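A short worksheet on the structure shown next.
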Amino acid sequence: MSSAPSSPSLDSLFSRRSELTGGDPPISVLMAKAIAEPNLISLAAGFVDSGSLPCDLVREATERVLGDPQRGRTALQYGTTAGFAPLRQLLIERLARQDGVTPHDGLARTICTAGSNQLLQLVTEALLDEGDVVLCAAPTYLVYLGTIAGVGGVSVSVATDEDGIVPEALDETLQGFRDRGEIERVKAIYCVSYFDNPRGTSLAPHRRAEILEIARRHSVAGPIRIIDDLAYRDLRYDGGDSPSFAALDPAGEHVIVAGTFSKSFAPGVRVGWGVMPKELAIRVERLKGNVDFGSPHLNQMLLHELLASGAHERQVDRLCATYRTKRDAMLAALETQFGNDTEVRWVRPDGGLYVWLTLPESVDAGPAGRLLDAAVAEGVLYVPGQYCYAADGAEVRRNTIRLSFGVQSPERIGDGIAALAPAGPLNARSAVRTRKDDGRSGKEARTR
């Protein structure tokens, strides 16, 4: 008598790719905590300030687009996979004004997407096979680490300091791959050059040239691309702008820039964009065609109207004023609560949405430590810094925290930092020493 066929294992029912990212993404876990505790002061999520969302500007732009029957019908129809050509042209012109250099053949190399995360996803799919490597800062944007893992890639972190990725460390890491005969695995170097997520620091302009030169020198088995994520470039509160990597590579041989309007305008618009090497743009467009054959056309036409009318720049000015106040409130609260603790340091950002907090070496601020649960019990939530490090490469610093000042009011920010102070291990105070802020751009303000 034959036995009944065995039931398939759960893993066999789904694709390998669906399992590559592991468990639930860290952000999903933190959001679940926030939902379970609705009274928590969340200094975790990198959301934008709800009160400053530009309802009036979007309504006026919508009326102008839909009020013209011809434009309205065009906006409500399918567009092209690469995106609304007039918007792409404006994006190239804007990048050229910011950088002082016009990208060669820029329109053909520019693609619009549903936010910059889709752009990063498509670029990563186009560049990486399983086992291929992307080098990242230590720490870096935690969502992109999941994107790399999701296509079977490997993220390797490179040491950083207050000026971003250390070129010597990058050179040493790449030389190690060459010495092992594995340099063909390295496909890209990922940078968040302006007020990065999570540290809030910017990559020093002179280092951009050094990093591109290092990438070119080690491109012996094919080009090693630089992915320059410009998500926070517009959110500058102090100092002047500096050219992106694109200005160093106008022909588009090595550099990919990724931009978004989620932080500088409104995330609900869901418009991102990228400028990349032409042969890569062709492949990204093909991949995108298989996904959605074009991001929402109405959104792109609205963004074009907002940029062309100057409404976007007015919103940027408004946001910068709002976030500058919030940043200053968080820095003042940190000074009040931890100013006399010689073992607690933080970075003073010149822009962006984040402050990076470094705690005593003995404190584990991650999910396995006591601090996170203690903080939630006190009524405040943060992002453990360890989530922002690749599993391979530079040391994972578990005594770090990412704090976001984007969502909460200045008063709630102060309350949240005050709630963090008594959360367990941070009770112990070291010898009293007053911090002297040296005022340097993007430097760690509490160097001991």
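Assorted remarks:
- Restricting the range 54-84 to residues that are free of Cβ contacts under 8 Å to residues at least 40 places away in the same chain and of a type in the set (A, V, I, L, M, F, W, C), the residue that is least open to solvent (accessible area, probe 1.4 Å): 66
Every residue, every condition in (1) among the β-branched types (Val, Ile, Thr); (2) at pLDDT 95 or above; (3) open to solvent by less than 10 Å² (accessible area, probe 1.4 Å), yes or no:
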position: 328; (1), (2), (3): no, yes, no
position: 346; (1), (2), (3): no, yes, yes
position: 349; (1), (2), (3): no, yes, yes
position: 355; (1), (2), (3): yes, yes, yes
position: 368; (1), (2), (3): no, no, no
position: 391; (1), (2), (3): no, no, no
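- Only one of the listed residues (220, 255) is in contact with a strand residue (DSSP E or B) (Cβ under 7 Å, 6 or more places away or on another chain) and of a type in the set (A, V, I, L, M). That residue is 255.
- The numbered conditions (1) out of contact with any strand residue (DSSP E or B) (no Cβ under 6 Å at 6 or more places or on another chain); (2) under 15 Å from residue 207 (Cβ atoms); (3) of a type in the set (A, V, I, L, M) are all true for residue 143 except (2).
- Residue under evaluation residue 156, criteria (1) in contact with a strand residue (DSSP E or B) (Cβ under 7 Å, 6 or more places away or on another chain); (2) open to solvent by 10 Å² or more (accessible area, probe 1.4 Å); (3) assigned to a loop (DSSP other than H, G, I, E, B), criterion not met: (3)
- Qualifying residue in the range 97-115 (condition: under 28 Å from residue 326 (Cβ atoms), touching a Phe, Trp or Tyr at 6+ places or on another chain (Cβ under 9 Å) and open to solvent by less than 50 Å² (accessible area, probe 1.4 Å)): yes
- Applying the criterion of being of a type in the set (D, E, K, R) and either in a strand (DSSP E or B) or touching a residue at least 40 places away in the same chain (Cβ under 8 Å) (or both) to the residues of the range 159-174, the residue that is surrounded by the fewest Cβ atoms within 10 Å (Cβ to Cβ) is 161.
- Extreme residue, farthest from residue 403 (Cα to Cα), among residues of the range 365-388 that are β-branched (Val, Ile, Thr) and outside any helix (DSSP H, G or I): 380
- Of residues in the range 42-66 being of a type in the set (Val, Ile, Thr) and modelled with pLDDT of 95 or more, the one nearest to residue 310 (Cα to Cα): 58
- Exactly one residue among 334, 302, 319 is crowded, with 16+ Cβ neighbours inside 10 Å, at pLDDT 95 or above and more than 28 Å from residue 258 (Cα to Cα), and that residue is 334.
The values are calculated or read from the model by the stated rules, or taken from the named source; none is laboratory data. In this text the structure is predicted, and so the values were computed from the model without any measurement. Every residue, glycine among them, receives a Cβ derived from its backbone with ideal geometry; neighbour counts consider all protein chains shown. Please note that ligands, DNA and RNA were not included when accessible areas were found on the heavy atoms of the full protein model with its side chains. Shrake-Rupley method; radii C 1.70, N 1.55, O 1.52, S 1.80 Å.
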